[in-house]
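Contents: one structure, followed by commentary.
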Amino acid sequence: MIQPQTYLNVADNSGARELMCIRIIGASNRRYAYIGDIVVAVIKKAVPNSSLERSEVIRAVIVRTCKELKRSNGIIIKYDDNAAVLIDKEGNPKELEFFPQ
């Protein structure tokens, strides 16, 4: 479960290293985001000399959460960290390489 003020790792090679969620895209009263949801986030840590800078507001899609996801067939999916991939306004990923866990 990702809520506003949650810190996320970045799972691609865009140059950002850490994000902070500031808004969940969807209904106006939505409190939590899960895997596959889109959030608005601010970059907290970035690689030097990259195209992205600290305090830049971007959109990201959640790809990993610490909170387990229970499927109807009994499988439970759980990761060690919260992570997201940066996307543009159209929903396309900003970079082509992703880092699986």
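Coordinate-derived values only; no laboratory data. Only a predicted model underlies this, so the values are computations on that prediction, with no experimental measurement involved. Here Cβ is always computed from backbone atoms with ideal geometry, including for glycine, and neighbour counts include all displayed protein chains.
Applying a 10 Å radius around every beta-carbon, put 16-26, 39-49 in order of their mean neighbour count, most first. Write out the running numbers ahead of the final one.
Details: 16-26: 17.5, 39-49: 16.0.
Highest-to-lowest ranking by the protection proxy: 16-26, 39-49.
How big is the antiparallel share of DSSP beta bridges in the stretch 7-87, given as a percent to the nearest 5?
Working: 22 of 24 bridges.
The answer is about 90 percent antiparallel.
Amide H of ARG17 versus every other amide H placed in the peptide plane: which residues, excluding those fewer than 5 positions away on the same chain, fall under 5 Å?
LYS45, ALA46, VAL47
Calculated from the structure, percent of Cα pairs over 20 Å apart equals which of [x] 44; [y] 34; [z] 27?
Step by step, percent of Cα pairs over 20 Å apart for this structure corresponds to label [y].
Considering only GLY91, GLY36, GLY74, give the residue with the highest GNM mean-square fluctuation for the chain, with springs between Cα atoms whenever their separation is below 10 Å.
Comparing GLY91, GLY36, GLY74 in a Gaussian network model of the chain, the most mobile one is GLY74.
Under 14 Å from a label point 7 Å along Cα→Cβ of ASP88: give me every residue in the stretch 48-80 with its amide N that close.
Residues 59 qualify, since their backbone N sits under 14 Å from the label point.
Using a 7 Å offset from the Cα along the Cα-to-Cβ direction at both GLN3 and ARG71, what is the distance between the two label points in nm, to one decimal?
Once both label points are built, they end up 2.8 nm from each other.
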